[in-house]
Amino acid sequence: MRFAGVKELKHKTMDILKDSEKEDIIITAYGKPKAILHHITEDDLADYLIENDPAFKTRIEEAYTDYSVHGGIEADALINKLEKRSGTKKI
């Protein structure tokens, strides 16, 4: 992990981006940390967007609350319910 100031980031953006593929880089302003530059792939980006989507988080929290209040069902019961809904039969 290394540090880079805002001025260095401004003048050496591409070099710092390439370095971020090897290690995280902490961006500082006036000697204080402001951001972390972390390399991600396209797959990582999809996960990041889902994990940090406020609407998605709300849906997960609502589902967990509903589960806590009403409980869940056994896996076999869920499979049977889904099979009946889709009209497929187990072979």
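State which residue is nearest to the chain's Cα centre (by Cα) when the search covers only the stretch 17-52 and only residues that are polar (S, T, N, Q) and surrounded by 12 or more Cβ atoms within 10 Å (Cβ to Cβ).
Taking the stretch 17-52 first, the residues polar (S, T, N, Q) are 20, 28, 41, 52.
Adding the requirement that they be surrounded by 12 or more Cβ atoms within 10 Å (Cβ to Cβ) leaves 20, 28.
Numbers: S20: 19, T28: 24 Å.
Ranking the candidates gives S20 first.
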query = Within the stretch 6-16, can you find the residues that are surrounded by 11 or more Cβ atoms within 10 Å (Cβ to Cβ) and among the basic types (K, R)?
reply = K12
ask   = When you go through (1) modelled with pLDDT under 90; (2) part of a loop (DSSP other than H, G, I, E, B) one by one for E21, which number turns out not to apply?
value = (1)
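The values are calculated or read from the model by the stated rules, or taken from the named source; none is laboratory data. Keep in mind it's a predicted model, so treat the numbers as computed, not measured. Because the Cβ atoms are built from the backbone with ideal geometry, glycine has one as well, and the counts that use them run over all protein chains shown.
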